[in-house]
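Shown next, in structure tokens, is the structure this report addresses.
Just so you know, all these numbers are worked out from the coordinates, no wet-lab data involved. Only a predicted model underlies this, so the values are computations on that prediction, with no experimental measurement involved. Because the Cβ atoms are built from the backbone with ideal geometry, glycine has one as well, and the counts that use them run over all protein chains shown.
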């Protein structure tokens, strides 16, 4: 066992070094100074209280998404449809805001209603993918991918159709909500809103607690590792799959609602901002461990925010952050694969 | 060809799987390799056939050292290995599977292959259709296909790893006849088994492995007692045959019918009473597995009535979970695929099986309970051991230890398939303990001795037809073997009925 732990560490470190080396090579190939690029990313992520706050703002939806996909991964499902679930969460939240914005309700209650509606939207969209899988025999990857396209189309239709700005529809989204309906921030200048941060931290705490400490989490794990045996042990299998879809959809829905109420204050075409896919990457990178998810999600958020300055300062595209993230996940996964093969070979077939 | 294995040593971590094993085999011999599970038989044969490389030691053909670097190398050198689960391609047609692995040539010569396939089949009296799908064959037929393929590829040495597991009596006889013919033609056969009777019936000589070492060799005729002592270090007597006194009705099947793509089972009538053990015999694929699953709601019956308990509560259309709530449990033969969850520890399995109250897992209490069960069932493992790290016998014990305390009926597929004698006796001891406290057992097995030894009544399946329950005392291996093969059904008179 000790042996396995040390090789895991060596392979983990090796993967990170390889990812950095390749990224460095790519920056050098474009004729830029890698050190300067890394320094710039670090500056852009933690250089001032303002950018650090931006990192946290970006961390919130990512953390929500990761908390959600931990459930679906544990039960053995690839919830690619998470992007669509975020979008539907955002759409439902916008819908609730539009319905209630002119009512006499207190702003706090309107925002709360929007988050609740977001949860409803995310859960419905996730259950749709789950139902397609359970009752229609559609693989959740294909079902989710299809539903993502539908969600995007629905979103665009709303922005350019029924919910378009007065006058002319625009790619910049729907008309922003009144400032009193914005999720309250720490101060006038800051973008950092404590309530969404609290929700995100609660989400990962709930995921950790449910998955690590409860019989429910253990049952999800059993279904994920072997549904046939799990069924024979008396666990209702498809019900657990649906339940984890619903949980994941709920967290994705909150993420969508947060994007609307706290970040953009309106519905925009790319409202999910790729957080779904990034969340899947983070979950894979931490090997589905809830404890490691929070810091790694923070690191990914820092990379994303830090890279925003790159085009201005160094004429490098900000997608460099995605390159680093992609390499990291790829090498860690390859490293895991190689390590398992090596261990299997060493054990042989006794 | 003289074959010599000289000083073969192989270590896996802390385990010395083969400890300087030396064995010389003369030409045209059928060499038995005996030993219980984990004795090192498979490792030795995998070294011989190039699947794994030894840490030290040599293989010599007629005194010349050879180097077997891979299975492909092995077959080039004329060493063919038949694995316990035949390595074939279920979606393929028999002839394509046969052709595969033939070196050279971009376009396979199917016509020639077909001709040679037919010639070879005829020589060994195998009746395989070259057009059939491999997936539609029984384990025994897949073995036959694999043997033909290896011979066609030019095997001069044939290694068979536990080939009699999961095949019918008739197929076994056919297999043995083919092997004798091959040996008579000058081929060397290595026959790996833990079944003494098979080695006694087939082999001219036997080598016994225990804990990685070669503990002895013997030529036919064998002294069974000495072989058992060599295998286990002591003689293990079979448990006294016990008869139960049946209690209340547990399961009633009236004119039960089950449909599958290949088979229709119909007119099954059976009454299982508390404390009874009923064995189901039949060639693999005769419908007995479908029937057993239907008795637990894992297969939807096509007709008839499946009822539980004294009041004959109808269960048609119920799920396995409904059956479970009524005290029915199913023990599958594919332990890691359908019974246990690889990746979870023993202790986690107990936590899942117990359906405890509360939301949070009480790890401390779970560890104590696990330790108790591990001790009770004599499982070689710790509460945090992953189930896939256990040996087959210990996995079966783990499955048994997961059974609910209050089971009214246990359905078992091949209770001791692939297990050594000690584990077999242990498993049946535990099952019979359950019977004594009123649990009924319905099991299928391809081991006729097992059926006769442990059943009160026997049900025979033949191509979808089902016999009435027959009292086990009125049967012997020969009569049962004939019934399984479809012989003597017309004389199944009232006298045989239980």
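Listed values, structure above:
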read-out: Relative contact order (%) - chain B, alpha-carbon pairs under 8 angstrom, separation at least six; value: 15
read-out: Highest to lowest packing among B:322-332, A:83-93, B:277-287, B:425-435, scored as the average C-beta count within 10 Å; value: A:83-93, B:277-287, B:322-332, B:425-435
read-out: Volume per residue that the Cα convex hull of segment A:229-296 spans, once the total is divided by residue count, Å³; value: 118
read-out: Evaluated over segment A:57-306, the Cα radius of gyration and Dmax, each in Å; value: 17.9, 61
read-out: For segment A:283-350 and segment B:254-296, distance of Cα centres in Å; value: 53
read-out: Peptide B:134-140, shielding by other chains (average Cβ, 10 Å cutoff); value: 0
read-out: Packing-based order for B:118-129, B:456-467, using average beta carbon neighbours within 10 Å, highest first; value: B:456-467, B:118-129
read-out: Relative counts (whole %) of C-alpha pair distances in segment A:203-244, using bins that are 5 Å wide; value: 6, 26, 32, 22, 10, 5, 0
read-out: FRET efficiency estimate (nearest 0.05) - Cβ-Cβ, residue B:269 to residue B:487, R0 22 angstrom; value: 0.50
read-out: Computed over chain B, Kirkwood Rh from alpha-carbon pairs, angstrom; value: 24.5
read-out: Rg [Å, one decimal], Dmax [Å, integer] - the protein assembly as shown, C-alpha atoms; value: 32.7, 102
read-out: Rounded to 10°, Cα long-axis angle of helix B:363-376 versus longest principal axis of chain B; value: 70
read-out: Spatial separation of Cα centroids for segment A:109-174 and segment B:109-153, in angstrom; value: 57
read-out: Shape call, segment A:271-330: gyration tensor on alpha carbons, a/c limit 1.5; value: prolate
read-out: Chain lengthening between residue B:19 and residue B:122 when straightened (0.36 nm per residue, less Cα-Cα); value: 32.9 nm
read-out: Ellipsoid semi-axes in whole angstrom, largest first, where each is sqrt(5λ) of the Cα gyration tensor of segment A:66-207; value: 29, 21, 12
read-out: Mean shadow area of segment A:1-95 over all directions, Cα convex hull, nm²; value: 10.3
read-out: Crossing angle, helix B:169-184 versus chain B [Cα axis fit, 0-90 degrees, rounded to tens]; value: 10
read-out: Tensor-based shape of segment B:305-366 (alpha-carbon gyration tensor, a/c under 1.5 rounded, otherwise prolate or oblate); value: oblate
read-out: Relative intensity, log₁₀ I(q)/I(0), of segment B:340-403 from a Debye sum that treats every alpha carbon as a point, q = 0.15, 0.23, 0.26, 0.29 Å⁻¹; value: -0.39, -0.90, -1.14, -1.40
read-out: Helix axis angle, B:392-401 relative to chain B longest principal axis, alpha carbon, degrees; value: 10
read-out: Mean separation of Cα contacts under 8 Å (6+ apart) over length of chain A, as relative contact order %; value: 34
read-out: Average partner coverage of B:330-338, which counts Cβ from other chains inside 10 Å; value: 2
read-out: Mean Cβ count within 10 Å, highest first, over the residues of peptides A:112-122, B:307-317, A:37-47; value: A:112-122, A:37-47, B:307-317
read-out: Principal axis dimensions, largest first and in whole angstrom, of segment B:211-361 by Cα; value: 57, 48, 38
read-out: Average Cα contact separation per residue, segment B:340-403, under 8 Å, 6 or more apart, as relative contact order %; value: 45
read-out: Peptide A:218-224 - average C-beta neighbours from other chains (10 Å radius); value: 4
read-out: Distance between segment B:1-67 and segment B:428-453 - C-alpha centres, whole angstrom; value: 37
read-out: Per-selection Kirkwood Rh - segment B:3-232 (Cα, Å, 1 d.p.); value: 18.1
read-out: Value of [θ]222 nm, deg cm²/dmol, for the protein assembly as shown, DSSP H segments ≥ 4, -39500 (n - 2.57) each, nearest 500; value: -15500 deg cm²/dmol
read-out: Sequence of A:125, A:59 once ranked by neighbouring C-beta atoms within 10 Å, starting from the fewest; value: A:59, A:125
